[in-house]
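The values are calculated or read from the model by the stated rules, or taken from the named source; none is laboratory data. Bear in mind the structure is a predicted one, so any value in this text is a computation, not a measurement. No Cβ is skipped: glycine too gets one built from the backbone with ideal geometry, and neighbour counts run over all protein chains shown. We work out accessible area using only protein heavy atoms, side chains counted, and drop any ligands, DNA or RNA first. Shrake-Rupley method; radii C 1.70, N 1.55, O 1.52, S 1.80 Å.
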Amino acid sequence: MEEDYRASSYDYDELFVKSLSLFSISQNHLLLLVLLLFLAFLVFFYNFLEIHFLADLLTAFRGDPVSLTYNPSSQLYKSVASKCRILHGRFLPTPWLSSPHLQTAFLSLVEKSPHVTYKRHMFYATDGGTIALDWLMSSDVKGASCTNDATRENDKTPILIVIPGLTSDSGSAYVKHLVDKMAKHGWNVVVSNHRGLGGISITSDCFYNAGWTEDVRKVIDHIHCQYPEAPLYAVGTSIGANILVKYLGEDGVNCLLVGAAAVCSPWDLLICDRYINRRLVQKLYDKVLTVGLQGYAKLHESILSRLTDWDGVKKSRSVRDFDNYATRILGKFETVDAYYRRSSCVNFVGNVSVPLLCISAMDDPVCTREAIPWDECRANENIILAVTQHGGHLAYYEGISADSMWWVRAVDEFFDVLQSSPLSNRRKKVEGPSLSIPPESSIDQGPYVNVLEDGMVTVVGNSQEDFIAEDECNEDVDLIRKDEDAILQEERSDLLTEKTRSKVDLNQPLDQNLNDLDVPVRRRMDQLLRLNRNSIWLLAYIAVVTTWPLVGSALLPFLKKRFKSIIPSALRRR
């Protein structure tokens, strides 16, 4: 019986093998299956990386037009933006970088940029913080000698202040592209590195964040004090754009800048935080940004380990985790969401009072298009919003060899047209003579230094004449204050009537003239008080009448008790 069972089982095995041989796949079928699997992978890869090469091919690589959003009555558009050929043209990314992720990765990994050599100044804030200001003068690019301090106060060369993005500094590729482009066009450029970046140690307990505008304000005030005749412009990128727009909104008409540009701003940090944790590819960016923040924290571990939850910082798996364990604590915010809400520049867009060009990409993998404030930008006459279909985050590489960035050319053209337009003089009309007071900070008396490509620092000059002494700046401020007093006296004298002006001696001190004017002013005030006395009594009567039902009901029990004994005695007397 056992032998029959073995025989039958063997027959079944043989039968199974024969059946499989009937369904054997030929070599052609196997090749077809592999090809189908490869095509499926390509489709998945194409959509996962959001590649748009086929769409560009179908349009003969003409690119997509730039979408401009502006106020219909905007003088900025009529005088400046309408003359910008690049903003009214098309943008075509580099064909072999036809993806926002490829563009962004190429910017971060390859870092193809021009050679730039800076001269560094150390700026010390009032809280003890240190900020590295890396200068590239137009004269250095052209090969001429550097402008000395004696001519600074009369130098009218436009100055561009660059505010880099998160964990970026003057050595970042996109910053070098912008700095080199503007310097070659005759502008002086300075990169304001964030605290703890650019090879500088943290020297205070104050750190920068996405909503920290005080450093930008102090740096701009300082540069305005150094170059009072030079028009100041600013460009912010990514988080730097958020800081710049927030600063513009906070200062409003008191801003010292002539024009500004915000490139790839996150606009609303809370929306961007939700977006970056939504999809797998965005989570990869979140992880990369977190590693960069942890690297920044590691450089300053001696201070951050004392001020933050250091164990939480080391274990952070997202930007939100890092902000919860470090940024929120350093900025004294109750929650991470509170930090995001209060620091978002979208809340300050409506108060921007200087010409501002905003550039964003619809396929930005970090700063989502969902946060772009279309309506707020359209309502403000001082803002031009330029949105492209492609470009990635701060990349915008164009051309076959990817040698240039579109947004750099757009900003350069916008500032060039703005500088030659009537709007460039509006800042002077609003500001009048320079009335700015220098920030309570100092510039070191050390030498200029060259920051080379490999990070080495070399001394350029060591003479005292190479720098602006702080007392010279104070002397300039004293002269400015004297001019301000003279202008104030002139403006007040213009307000006098011809009759009063004849009684005032403008050669006398201003205080004495004001005392002479005090008598008629007081007489006029007495007349107004007498005229308003009847109105005051009328308002009091209206208040009593309107509140009497409530007051009367409250006083009625008291009045009954009060007059209960008085009324019978009065009747008895009668």
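Of note:
- Condition broken by R317, with the remaining ones in (1) free of Cβ contacts under 8 Å to residues at least 12 places away in the same chain; (2) closer than 20 Å to Y285 by Cα; (3) not aliphatic (A, V, I, L, M) satisfied: (1)
- Residues that are open to solvent by 10 Å² or more (accessible area, probe 1.4 Å) and touching an Asp or Glu at 6+ places or on another chain (Cβ under 7 Å), drawn from segment 390-404: H390, H393, S404
- Test: residue in segment 350-357 that is in contact with a Cys (Cβ under 6 Å, 6 or more places away or on another chain) and under 28 Å from V408 (Cβ atoms): yes
Listed here are the residues, each with its yes/no results for (1) of a type outside the set (S, T, N, Q); (2) under 28 Å from P114 (Cβ atoms).
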{"position": "M182", "(1), (2)": "yes, yes"}
{"position": "N188", "(1), (2)": "no, yes"}
{"position": "S204", "(1), (2)": "no, no"}
{"position": "A234", "(1), (2)": "yes, yes"}
{"position": "D251", "(1), (2)": "yes, no"}
{"position": "D268", "(1), (2)": "yes, no"}
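- Of residues in segment 169-194 being assigned to a loop (DSSP other than H, G, I, E, B) and in contact with a helix residue (DSSP H, G or I) (Cβ under 7 Å, 6 or more places away or on another chain), the one nearest to C255 (Cα to Cα): W187
- Subset of segment 68-111 [small (G, A, S) and touching a Leu at 6+ places or on another chain (Cβ under 8 Å)]: S79, A81, S99
- Among the residues making up segment 368-389, a single one is touching a Pro at 6+ places or on another chain (Cβ under 9 Å), within 22 Å of L92 (Cβ to Cβ) and open to solvent by 10 Å² or more (accessible area, probe 1.4 Å): Q389.
- When residues in segment 349-367 are screened for being closer than 18 Å to V258 by Cα and open to solvent by 30 Å² or more (accessible area, probe 1.4 Å), 3 of them pass.
- Residue within segment 232-246 that is over 21 Å from F207 (Cβ atoms) and in contact with a Phe, Trp or Tyr (Cβ under 6 Å, 6 or more places away or on another chain) present: yes
- Only listed residue being within 30 Å of D180 (Cα to Cα) and within 17 Å of the chain's Cα centre (by Cα), chosen from V349, V417: V349
Here's the yes/no breakdown for (1) open to solvent by 40 Å² or more (accessible area, probe 1.4 Å); (2) assigned to a helix (DSSP H, G or I); (3) outside the structural domain of S192 (by the TED database):
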{"site": "A230", "(1), (2), (3)": "no, no, no"}
{"site": "G252", "(1), (2), (3)": "no, yes, no"}
{"site": "L257", "(1), (2), (3)": "no, no, no"}
{"site": "Y296", "(1), (2), (3)": "no, yes, yes"}
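- In segment 334-349 there is no residue matching the filter, namely being assigned by the TED database to the domain that holds D412, modelled with pLDDT of 95 or more and more than 21 Å from N209 (Cβ to Cβ).
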